[in-house]
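Visitor: Before I ask anything, here is the structure I am working with.
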Amino acid sequence: MRTLNYAVATTMLALALPASAQQLSIATGGTGGVYYPIGGGLAEMINNHIEGAQATAEVTGASVENMGLIMRGDADLATALADTVYQAYTGTGDFEGRQVENTRALASIYPNAVQLVVLAESDIQGIEDLAGKRVSVGAPGSGTELNARAVLESNGVSYDDFTAQRLNFNETADAIRDGDIDAGFWSVGPPTSSIMNLAATRDIRLIGLSDEEIANAQEEEAVFAPYELAAGLYDGMDEAVQTIGIPNVLVVNADMDEELAYQLTQLLFEHIDELIAVHPAANDTTVEFTMESTPVPLHPGAIRYFEEVGAEIPDRLRP
């Protein structure tokens, strides 16, 4: 996806916030994924470019936990998977009875890919072969588990069919390496450090999804889209692998100051090269991706920025 060359002047090195600006907390995920380095990069950008603001990236259980932190005001910004964000906003799925209707988005930042990893010598060739195995479905409170469950259950595989382990990314990689589990799910922007480290020490394979399995998963979750993991993504990965992708959303509480939301959105897009230097997943952080992929309304401060750069904002993204 290519970024449009919007004609927006950026003549100020630092954006000035009101004197009341406070420390900003960015809820991310585990250290073995992409949320944490992306959140750390964004915090550094805020510290370098927004006068009077200081930000810190916080390690969390990722998407589901992050939406709770936004709801309670315990985090100012958070990254979360689009399906998790939508469920929180609508009070459906895992958020039935605990709706986070004050959810607002600043942007969609990049797509996650569901990655199912096994050792190269494993007899697992498809998701149907997970029966009777030990499988990590992601950390408790993570979008990985929501995605894994949706993919599996939409294709007739339930947690009753295997021994489910709820491990974070680094724990999953270590458990596969040591033979403590047979397979592990990641829902993360590729390539991710924990799989890269695993592939550097053990020969691995990634398990693909068939066209039918992808279609079944899309019926379960409308935000799913076909996604190809490129050959050479990880050591020993000689062929491309077909899976599904899910957008990641940068969310805030609707109560965030409009000027702050505006400046954070402006910072993200006009200094995106700094975030790309932190992780290549940020190459997909474009205005177009936000307009196409964001599942909940934008914050008015973000809308103000997108209007200034001439973006065509869908009605569904206006509160």
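The values are calculated or read from the model by the stated rules, or taken from the named source; none is laboratory data. All values reported here derive from a predicted model rather than from experimental measurement. For neighbour counting, all protein chains shown are included, and Cβ atoms are generated from backbone atoms with ideal geometry for every residue, glycine included. These area figures cover heavy atoms from the full protein model, side chains too; ligands, DNA and RNA do not enter into them. Shrake-Rupley method; radii C 1.70, N 1.55, O 1.52, S 1.80 Å.
Visitor: Provide the solvent-accessible area of Met196, counting protein heavy atoms only and rolling a 1.4 Å probe, rounded to the nearest 10 Å².
Guide: 90 Å²
Visitor: How large a share of the accessible area of region 35-105, in percent, is made up of carbon and sulfur atoms when the probe is 1.4 Å and the other protein chains stay in place?
Guide: 42 percent
Visitor: Suppose a student asked you for the relative contact order of the chain, using Cα pairs under 8 Å spaced at least 6 residues apart; what percent would you report?
Guide: Contact order relative to length: 24 percent.
Visitor: Now for a separate question. Please report the antiparallel percentage of the DSSP beta bridges confined to the chain, to the nearest 5.
Guide: So the antiparallel bridges amount to about 65 percent of the total.
Visitor: Something else: What net charge do the residues around Gly30 carry, taking every other residue with its C-beta under 15 Å from that of Gly30, with Lys and Arg at +1 and Asp and Glu at -1?
Guide: Here the count lands on -4.
Visitor: Mind checking which of Thr28, Thr84, Thr286 has the largest fluctuation in a GNM of the chain, springs on alpha carbons under 10 Å?
Guide: Of the options given, Thr286 has the highest mean-square fluctuation.
Visitor: Among Leu81, Leu119, Leu146, which one moves the most in a GNM of the chain with springs linking Cα atoms closer than 10 Å?
Guide: Fluctuation is largest for Leu119.
Visitor: Something else: Tell me the carbon and sulfur percent of the accessible area for region 163-272, rounded to whole percent, probe radius 1.4 Å. Display every interim value, and only then the final one.
Guide: On the way: 1880 of 4630 Å².
Exposed carbon and sulfur together represent 40 percent of the surface.
Visitor: Using a Gaussian network model on the chain with a 10 Å cutoff between Cα atoms, which of Leu233, Leu116, Leu298 fluctuates the most?
Guide: Highest fluctuation among the options: Leu233.
Visitor: Another one. Per residue and in Å³, how big is the convex hull formed by the alpha-carbon atoms of region 184-319?
Guide: Numbers: hull volume 18.8 nm³, N = 136.
Each residue corresponds to 138 Å³ of Cα convex hull volume.
Visitor: Turning to a different aspect of this structure: Give me the angle, in degrees from 0 to 90, between the Cα long axis of helix 211-220 and the longest principal axis of the Cα atoms of the chain, rounded to the nearest 10.
Guide: Long axis of 211-220 versus the principal axis of the chain: about 50 degrees.
Visitor: Still on this structure, please answer the following. What is the sum of charges, Lys and Arg at +1 and Asp and Glu at -1, for the other residues whose Cβ falls under 14 Å from the Cβ of Val100?
Guide: It works out to a net charge of -4.
Visitor: Moving to a separate point now. Quick check for you: with a 1.4 Å probe and neighbouring chains kept, what is the accessible area per residue of the chain, in Å²?
Guide: On the way: 13260 Å² over 319 residues.
Normalised by residue count, the accessible surface of the chain is 42 Å².
Visitor: Just how far, in whole angstrom, is region 178-211 from region 85-159 if you go by their alpha carbon centroids?
Guide: 15 Å
Visitor: Hey, another quick one. Could you list which residues have their amide H under 5 Å from that of Leu209, counting only those 5 or more apart in sequence or on another chain, with H placed in the peptide plane?
Guide: Gln242, Thr243
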